[in-house]
Amino acid sequence: MSANGGQDSSAGAQDPATEEGSRHEKSRLKPVVFFGSSALILVISVWAIIAPMNAERVIGAVVGWISEGFGWYYFLVATLYLLFVVFVAVSRYGKIKLGPQHSTPDYGVFAWAAMLFAAGIGIDLLFFSVSGPVTHYLAPPEGDAETVEAARQAVVWSLFHYGVTGWAMYALMGMALGYFAFRYNLPLAIRSALYPLIGKRIHGRVGDAVDLAAIIGTVFGISVSLGIGVVQLNYGLNALFGVPEGVAAQTGLIIVAVLVATVSAVAGVDRGIRRLSELNVLLAIVLMIYVMIAEDPVWLLNTLILNIGDYVSRLPGITLNTFAYDQPIDWLNAWTLFFWAWWIAWAPFVGMFLARISRGRTIRQFVAATLVVPLLYTLTFLSIFGNSALSTVMGGNTEFGETAMNTPEKGFYTLLEQYPAFTFSAGLATVVGLLLYVTSADSGALVTGNLSSHLPTPLTDAPAWLRIFWASVTGLLTLAMLIVGGVDALTSATIIMGLPFSFVMLLVIWGLYRALRVEQFRVEAFRTTLSSSLSNRTEVDRRGADRNWRQRIARVTNFPGRRAAVRFVEEVCRPAFQDVAEELREQGSEASISERIDEETGIPHLELRVPMGAEEEFSYRVWPIEMPTPAFAMRSLTEHDTYVRFEVHLTEGSQGYDVMGFSKQQLIGNILDEYERHLEFLRLHREAAAGSALPDHGPGTAEVYTGDDEH
C-alpha cells in the first residue's frame with residue numbers, strides 16, 4: 001500500500017512464486033517485541049506473586065479511574081467497531097477477497113466455522129451461561145428484581161455481552177489482517193493494518209510498539225479465560241472425584257492445560273487446533289441436547305425464540321446505554337465494561353487466527369460467518385443453560401440462585417446436579433470445558449509466537465520453542481492473578497489492558513478504509529479503459545490480422561499440453577514481452593523481464609515489471625497452470641489427462657482469463673490494455689489523494705515482506 005492509500009506493486013498479491021521463494025527463509029525473533037512484552041508480563045507476574053495486597057490495591061485504583069473516566073468511551077467504540085464492520089460487508093468492498101483474486105478457501109465450511117467459534121470463545125461461556133442470567137435476574141442493573149421482565153432482561157444482557165458487538169471486534173481485526181497479509185504480502189501482524197497511515201515505519205519502532213501492545217493485551221485476555229477455567233474445572237473435579245479446591249489444585253490444572261495446549265500448538269492448525277475445535281463443538285452440542293431433554297424441550301424452545309426477538313429488538317437501545325442518570329458502577333465494571341475490554345484484549349490474537357484460517361474468503365463471507373455462526377451457537381447455548389437456571393430459581397430454589405450469583409464457578413455444575421445422570425453430564429461438561437480451555441490457550445500461544453517473530457510468509461508459524469514459551473508465560477500470569485485476587489483481579493486487569501489497544505483498533509479502521517477505497521479505483525480504471533481496449537481488438541479484426549473466427553474456435557476447443565505450452569512461451573510470450581519492454585525503455589521507462597522455470601512441469605513463466613517512481617509499479621505475469629482436461633474435450637482422454645492454461649496475473653493476483661493460443665500481436669494488445677488500465681488507476685488514485693487532506697508519508701512502496709525490518 002502506498003502511504004496515502006494506494007497499493008504498491010512490490011507488496012503485491014501472494015502468488016506461487018512469492019511463496020516458493022519464501023519457503024527457504026527462516027523465522028527469527030523480533031527482539032524489541034519479544035523481550036519487551038515478555039519482560040513486562042514476567043515483572044507483573046512476579047510483583048503479583050510477591051506483593052499480592054499491593055498489586056490488588058493498585059489494580060483496583062486504576063480500574064476505578066478507567067470506569068469513571070472512560071466508561072462512556074468503551075460503549076462508544078464498541079458500537080463504532082460494529083457499524084464499520086457491517087458497513088464494509090454490505091458495501092461494494094464486501095466482494096474483495098482476503099487474498100489474491102484467484103485464491104480459494106483452505107478449509108471446509110464446518111471446520112472453518114468450528115475454528116471461528118472455538119478460537120473466539122473460551123471456557124468462560126460455561127462460567128457465565130448460568131451465573132450471568134441468574135445474577136441479572138436477582139440483581140438487575142435497572143428495574144425490579146425477580147420479575148418476568150427481569151427474567152427477559154437477564155438473558156438479553158447475557159446475549160448482549162456475547163453477541164455481535166464483541167464478534168465485530170474480531171471481524172474487524174481479522175479482515176484487516178487478512179487483507180493486508182494475503183492480498184499485499186505484508187506480515188500477518190497488527191502493524192500491517194497501519195501501513196496506509198505510517199508507511200514503512202510499520203517495520204520500525206512504531207510497529208514494534210503496536211505488536212508489543214497486542215501481545216500484552218492478548219496474554220492478559222487469555223489469562224482471564226484460563227483463570228476462570230481452572231477455578232471452574234477445580235470445582236467440577238471436586239464434585240466428581242473429591243479433588244480439593246484451592247491454589248494447589250489450580251496450579252496443577254494450569255500446568256496440565258499448558259502441557260496439552262503446547263502439544264496442540266506445536267502440532268499446528270490442521271492437526272491440533274482444527275481437530276480439537278471440531279470435537280469441542282460436537283461435544284458441546286451433545287451437552288446442550290442433554291440439558292434440553294432433561295429440562296423441558298418445548299419450554300426451552302419457546303424461550304429461545306423469545307430471547308432472539310428480545311435481543312434483536314432491544315439491541316439498539318442497550319448498545320449505548322451508559323446508565324448516565326443512575327449508574328450501577330459495580331455492575332458495569334463486572335459486566336459490560338469488563339466484557340468490552342475483554343473482547344478488545346482478545347481481538348488481536350483472535351483476529352490474527354481468524355485471518356490465518358480465512359484466506360480465500362471474501363470480506364462479506366468472512367464478516368457474515370464471524371458475526372452469524374458463533375452468535376447462533378452462543379445464543380442457543382446461553383438461552384438453553386440460562387433459562388434452565390432461571391427456571392430452577394423461579395421454581396423456588398433460592399439456594400441455587402445464591403450459589404450461582406456469589407460463587408459463579410459452582411453455578412454450572414450445581415445446575416447439572418438438578419438433573420439425572422450427574423456423573424455423565426458433569427464429566428461431559430468437564431471435557432468440553434477443558435477443550436475450550438485448551439483451544440484458547442493453544443491458538444493464543446500460536447498467535448503470540450507469530451507476533452513476536454519475523455516470518456517468511458503469513459502462513460508460516462513461529463518455531464515450537466517460542467509457542468511453548470508463550471503458553472508457559474500465559475500460565476504463569478494466570479497463576480499470579482489468581483493469587484492476587486482470583487477472578488476479580490483477572491477481570492480488573494483486563495479492563496486496564498484493553499484500553500490502550502482500543503485506540504489502535506480505531507487506527508486500524510482508518511487504515512483499512514483508506515486501503516479499501518483504492519480497490520474502487522481499480523474498478524473505475526477498468527471501466528474507463530474498457531472502450532479503448534475493445535476498439536483495439538475490433539481494429540485488429542477489421543484488418544484481418546491473424547485473429548479470425550476460425551482461429552477463435554480452434555483456441556477455445558484446444559486443450560494444449562506441456563510441449564505446446566513451452567512452444568507458446570518461445571514463439572509468442574517471450575517475443576511479445578521483449579518487444580513491449582524494448583519500446584517502453586525507448587520511451588524512458590526502466591522496464592524489466594524476469595523468467596523462471598517451473599521445476600515440476602518444466603514450463604517457463606514470465607513477468608514484465610515497469611517501475612512508476614514513488615507509485616505502484618506495473619506488473620504483468622503469464623502464469624502456467626496445469627489442470628485436468630474436461631470431459632467435453634473433443635478428443636479421447638487418458639486417466640491423468642491434463643492441459644495447460646496461461647493465466648494473467650497483475651498486482652492483485654490472477655485475472656481469471658487464459659491467453660494460451662493468443663498470437664504475438666494479440667498478447668501485446670492485452671499487455672497494453674492492462675498497462676493503460678494501470679495508468680488510469682494511478683491517475684484516479686492521484687486525484688483522490690490530492691483532494692484529501694491526508695498527509696503523504698513518503699514513497700510508500702511496501703516491498704514484498706521477507707522478515708526484515710530494513711527494506
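Values quoted throughout were computed directly from the atomic coordinates according to the rules given, and no laboratory measurement underlies them. Note that this is a predicted model, so its numbers are computed, not measured. Here Cβ is always computed from backbone atoms with ideal geometry, including for glycine, and neighbour counts include all displayed protein chains.
Among the lysines, select those whose C-alpha is under 17 Å from the C-alpha of K200, and discard any that sit fewer than 8 residues away in the same chain.
Reachable lysines: K30.
I want to make sure I understand the PRE zone here: with the label point 7 angstrom from the Cα of E417 toward its beta carbon, which residues in region 226-249 have backbone N atoms less than 19 Å away?
Inside the label zone: 231-246.
Fewest Cβ neighbours within 10 Å first, please rank E149, E647 accordingly.
Numbers: E149 10, E647 19.
Fewest to most other Cβ atoms nearby, the residues stand as E149, E647.
For region 390-483, state which GluC sites (Glu not before Pro) are in a DSSP loop and have at most 16 other beta carbons lying within 10 Å of their beta carbon.
Numbers: sites: E399, E402, E409, E417; in loops: E417.
Taking region 390-483 and a limit of 16 other Cβ atoms within 10 Å, the loop GluC sites (Glu not before Pro) found are E417.
Would you kindly compute the Cα radius of gyration of region 270-325 and its largest Cα-Cα separation (Dmax), both in Å?
Cα-based Rg and Dmax for region 270-325 come out at 17.5, 53 Å.
Fewest first, what order do R364, R359, R585, R183 take by the number of other Cβ atoms within 10 Å? Write out the running numbers ahead of the final one.
Numbers: R364 18, R359 23, R585 13, R183 27.
Neighbour counts put them in this order, fewest first: R585, R364, R359, R183.
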